[in-house]
Every structure is written in C-alpha cells, then in structure tokens.
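Visitor: One structure, pasted below without further comment.
The values are calculated or read from the model by the stated rules, or taken from the named source; none is laboratory data. Since we're looking at a predicted model, the values are computed, not measured. All Cβ positions, glycine included, derive from the backbone under ideal geometry; neighbour counts span all protein chains shown. Just so you know, the surface numbers come from the protein's heavy atoms only, side chains and all, with ligands and any DNA or RNA stripped out. Shrake-Rupley method; radii C 1.70, N 1.55, O 1.52, S 1.80 Å.
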Amino acid sequence: MGNLEVVMRSTSSQGARAPGQNAGFPNSRDGEVGSLPSASLRTAVLALPAEATDVGVARHWATGVLTLWGLSEQDCSVAAMVIGELAANAALYGQSEMTVRLAQEHDLLRVCVTDSGARGGHSLRREPGEHGRGLAIVRALADSMEVTREPGGWRVGAVLRVTMAGTHQRGSRACVA
C-alpha cells in the first residue's frame with residue numbers, strides 16, 4: 001500500500017464557507033446537484049493509491065468516519081456500498097491516486113471520489129456483465145449522482161439522504177466498522 005493522507009474537519013456556519021462554496025467539492029456550487037446547505041458541516045478526505053487493493057481501505061475508512069459522525073447503521077451500509085463502487089471505478093480507471101471526500105450536513109451526505117486517470121472512462125451506459133454495474137448501483141442508491149471529467153482525471157459524486165443513529169427508529173444503532 002502507498003501513501004495515505006487523511007484530513008477531517010468540522011465547521012459551523014460561523015464563517016465556514018463563502019456563499020456559493022460547496023464543501024470543498026470542485027465545480028459544485030450551491031443550488032446544483034448534490035449541493036449542501038451552508039449550516040454546520042463535517043468533512044473528511046482520504047487520498048490513497050488508485051489500486052484495487054485500496055478499495056477496501058477506502059470503504060473501511062469511510063465506515064469508521066460515518067460511525068464517528070453517528071450515522072445510522074443502515075445509512076452507513078448504503079454509503080459503504082456507494083463508496084466501494086466509486087473507489088473500485090477510480091482504481092480501475094485511475095492511473096496513480098484517488099481521493100475520497102465525505103461531507104455531511106444535516107440529513108445529506110455527499111460522497112465524492114476523484115481519480116487521476118485517463119484509462120477509459122466512467123461510462124454511465126455500459127453493457128451489464130461481470131463489470132460495469134457500479135455506477136448503476138450508485139445511481140439506484142443515491143438521491144443524485146454526477147460524473148465530471150476534470151483536467152487530469154474524473155470526479156464522481158453522489159448525494160445520500162441520511163439519519164443519525166437513534167433518530168429514525170427505536171433501537172437503531174450506529175454503524176460498525
């Protein structure tokens with residue numbers, strides 16, 4: 001495994017972001033698909049090699065972060081599946097590294113995975129087979145999803161509506177890593 005870089009932040013609405021900034025997600029502005037309101041915000045970032053062996057690392061890291069943030073077990077499971085699919089795409093199509101970004105504000109969780117690759121592309125219309133179903137799975141689980149070609153790679157983001165553990169059902173638990 002190569003170098004890992006982890007950054008976690010928690011901010012409040014007291015000067016946290018200028019109007020129009022969106023949780024550190026490039027090219028995403030308030031009012032666009034997946035934008036977050038400008039109140040209290042939690043963010044976490046993980047940079048790691050774009051290798052298939054690191055997909056599980058990304059999924060495990062994200063589950064740990066979401067557990068710390070107190071998301072429900074069901075929402076953590078869905079988020080872990082989305083992160084796993086996006087990280088797998090980044091590992092398949094990326095060249096050297098991928099970055100996983102999480103931002104949670106109120107009932108929205110924004111997941112964004114960027115890669116540094118130009119191998120193929122993140123096609124939304126692939127023939128189902130052994131491979132090629134990842135983005136369809138993400139689209140089915142997320143409230144919204146976007147795929148953007150950027151200089152030097154791809155950015156794929158998804159927005160999930162989430163609940164905190166104990167707020168939606170009696171006996172709900174936080175997710176476990």
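Visitor: Just one of (1) closer than 19 Å to Leu41 by Cβ; (2) modelled with pLDDT of 95 or more trips up Val82, so point out which.
Guide: Of (1) closer than 19 Å to Leu41 by Cβ; (2) modelled with pLDDT of 95 or more, only one is false for Val82: (1).
Visitor: Is at least one residue of segment 117-130 assigned to a strand (DSSP E or B) and either at pLDDT 90 or above or touching a strand residue (DSSP E or B) at 6+ places or on another chain (Cβ under 8 Å) (or both)?
Guide: Within segment 117-130, not a single residue is assigned to a strand (DSSP E or B) and either at pLDDT 90 or above or touching a strand residue (DSSP E or B) at 6+ places or on another chain (Cβ under 8 Å) (or both).
Visitor: So which residues in segment 65-103 are open to solvent by less than 10 Å² (accessible area, probe 1.4 Å) and of a type in the set (S, T, N, Q)?
Guide: Scanning segment 65-103 gives a single hit, Ser72.
Visitor: Quick check on Arg9: is it at pLDDT 90 or above, in a strand (DSSP E or B) and open to solvent by 40 Å² or more (accessible area, probe 1.4 Å)?
Guide: Taking the combined requirement at face value, the residue does not satisfy it.
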